[in-house]
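Asker: Take this structure, written in structure tokens, and hold onto it; I'll ask about it next.
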Amino acid sequence: MEKWPIGVFSSIDAGMGVQLDVAKELGVTTIHLHAPTPENRTPQRANEFRAKLDDLGIRTTVVFGGFDGESYADIPTVTRTVGLVPPETRAARVQEMLEISDFARLLGVDVVALHLGFVPHDASDPLFTEVVEVTRRVLDHCKSNDQALHLETGQESAAALLQFIDATGRDNLFVNFDPANMILYGSGDPIEALKMIGDLVHSVHCKDGTWAAHPGEEWGSETPLGEGDVNIETYLRTLNEIGYTGPLTIEREIPNDPERQKAEISHAVNLLNTLKAQILG
Ligand code: MG
């Protein structure tokens, strides 16, 4: 398989991600798929979507879970609303992740991923143990579907993430590395984090952003790829050093402006192809 094929986010439901015909036009061959809403998680929809992708020569490499009620408005809101950490929604969301895993299997996809939420950094905190336990439930279900689970980076430092992965004691938990999230959340230098997480990185996002004036208290700003503080060339060189060969999946949502989104993603595809040619020779 080609090293570092280009990817984008797409969806089965209307609204999020890049339309498949646009992806095709831009020469994109892989996607990360936003998991569809429950009404669309049927065998029929899975078969239709698979057939469409086969026609276009596009492959789904990861299905991303997401939940009603999540908001990325600011960092305290993320803490309160995102992932499997908030106690009020945890049981229902765990159940939904199991269903998303089953839907990914219908699509023939062997990786599901999610933003777990802000995992407590103190392993003696009862919340830490609770989140480890529900993550094991999801992991064991994924295992029964021959799948791995990838945790999106961002909310915690690389050290905290590694501690959490180790605590689960499972062999199908890996990392979807998003360098911009490390900057946006103020959770550490992304290149150093990437080196630390190393071969546990099994999928990546290509996204860029700038540090906030007070990192960790307020959001940094997302930017077009190559215009933020990630340093995309160093990012790719480091991916090469740690032996990462999977897709380079561009993540850029510009709600309600598909033309601008297409233009930015096109620019990102060109940037990645140029850097790939330089780095891989
Ligand atoms: Mg991401």
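The values are calculated or read from the model by the stated rules, or taken from the named source; none is laboratory data. Every value quoted in this text rests on a predicted model; they were computed, and no experiment measured them. As a convention, Cβ positions derive from the backbone with ideal geometry for all residues, glycine included, and neighbour counts pool all protein chains shown. Side chains are part of the model used for accessible areas, which takes the heavy atoms of the whole protein and leaves out ligands, DNA and RNA. Shrake-Rupley method; radii C 1.70, N 1.55, O 1.52, S 1.80 Å.
One line per residue, one yes/no per condition, for (1) out of contact with any Asp or Glu (no Cβ under 7 Å at 6 or more places or on another chain); (2) within 21 Å of P86 (Cβ to Cβ):
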| residue | (1), (2) |
| --- | --- |
| L151 | yes, yes |
| E156 | yes, yes |
| A159 | yes, no |
| F174 | yes, no |
| D178 | no, yes |
| M196 | yes, no |
| S203 | yes, no |
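Asker: Ok, one more. Could you grab the pairs with beta carbons closer than 7 Å, sequence gap of 6+ or different chains, first residue in the stretch 44-55 and within 16 Å of A23 (Cβ to Cβ), second one polar (S, T, N, Q) and open to solvent by less than 50 Å² (accessible area, probe 1.4 Å)?
Answerer: The qualifying pairs are L53/T60.
Asker: Something else about it: Quick check on my filter: what residues within the stretch 164-182 are more than 15 Å from the chain's Cα centre (by Cα) and either of a type in the set (G, A, S) or farther than 15 Å from D199 by Cα (or both)?
Answerer: Listed by number, the residues that qualify are F164, A167, T168, G169, R170.
Asker: In the stretch 237-250, what count of residues is obtained for those that are surrounded by 15 or more Cβ atoms within 10 Å (Cβ to Cβ) and under 25 Å from L20 (Cα atoms)?
Answerer: Qualifying residue count, the stretch 237-250: 5.
Asker: Right, A160: open to solvent by less than 30 Å² (accessible area, probe 1.4 Å), touching a residue at least 12 places away in the same chain (Cβ under 8 Å), away from the ligand (no atom under 16 Å from the Cβ) and in a loop (DSSP other than H, G, I, E, B) or not?
Answerer: In short, no.
Asker: Quick test of your reading of the structure: V204 fulfils all but one of (1) at pLDDT below 95; (2) crowded, with 21+ Cβ neighbours inside 10 Å. Name the failing condition by number.
Answerer: With respect to (1) at pLDDT below 95; (2) crowded, with 21+ Cβ neighbours inside 10 Å, V204 is out only on (1).
Asker: Still on this structure, I have one more. Might you let me know whether the stretch 164-174 holds any residue that is closer than 18 Å to G243 by Cβ and within 13 Å of the ligand (Cβ to nearest atom)?
Answerer: Checked the stretch 164-174: no residue is closer than 18 Å to G243 by Cβ and within 13 Å of the ligand (Cβ to nearest atom).
Asker: Where in the stretch 166-281 are there strands (runs of 3 or more DSSP E), lying fully within it, with 2 or more residues that are among the aliphatic types (A, V, I, L, M)?
Answerer: Output list reads 173-177, 201-206, 248-250.
Asker: In the stretch 1-43, which residue that is in contact (Cβ under 8 Å) with a residue 24 or more places away in the chain and assigned to a helix (DSSP H, G or I) is surrounded by the most Cβ atoms within 10 Å (Cβ to Cβ)?
Answerer: A23
Asker: Here are V131, V94, V119: which of them is assigned to a loop (DSSP other than H, G, I, E, B), more than 16 Å from the ligand (Cβ to nearest atom) and open to solvent by less than 20 Å² (accessible area, probe 1.4 Å)?
Answerer: Result: V119 is the single residue among V131, V94, V119 that is assigned to a loop (DSSP other than H, G, I, E, B), more than 16 Å from the ligand (Cβ to nearest atom) and open to solvent by less than 20 Å² (accessible area, probe 1.4 Å).
Asker: In the set E253, E259, E217, which member is within 21 Å of T61 (Cβ to Cβ), modelled with pLDDT under 95 and exposed (fewer than 15 other Cβ atoms within 10 Å of the Cβ)?
Answerer: E253
Asker: Considering G188, G198, G108, G169, which residue is surrounded by fewer than 23 Cβ atoms within 10 Å (Cβ to Cβ), within 30 Å of P43 (Cα to Cα), of a type in the set (G, A, S) and touching a residue at least 12 places away in the same chain (Cβ under 8 Å)?
Answerer: Every option except G108 fails the conditions.
Asker: Next question, about the same structure. How many residues are assigned to a helix (DSSP H, G or I), modelled with pLDDT of 95 or more and open to solvent by 20 Å² or more (accessible area, probe 1.4 Å) when one looks only at the stretch 49-79?
Answerer: Counting residues in the stretch 49-79 that are assigned to a helix (DSSP H, G or I), modelled with pLDDT of 95 or more and open to solvent by 20 Å² or more (accessible area, probe 1.4 Å) gives 6.
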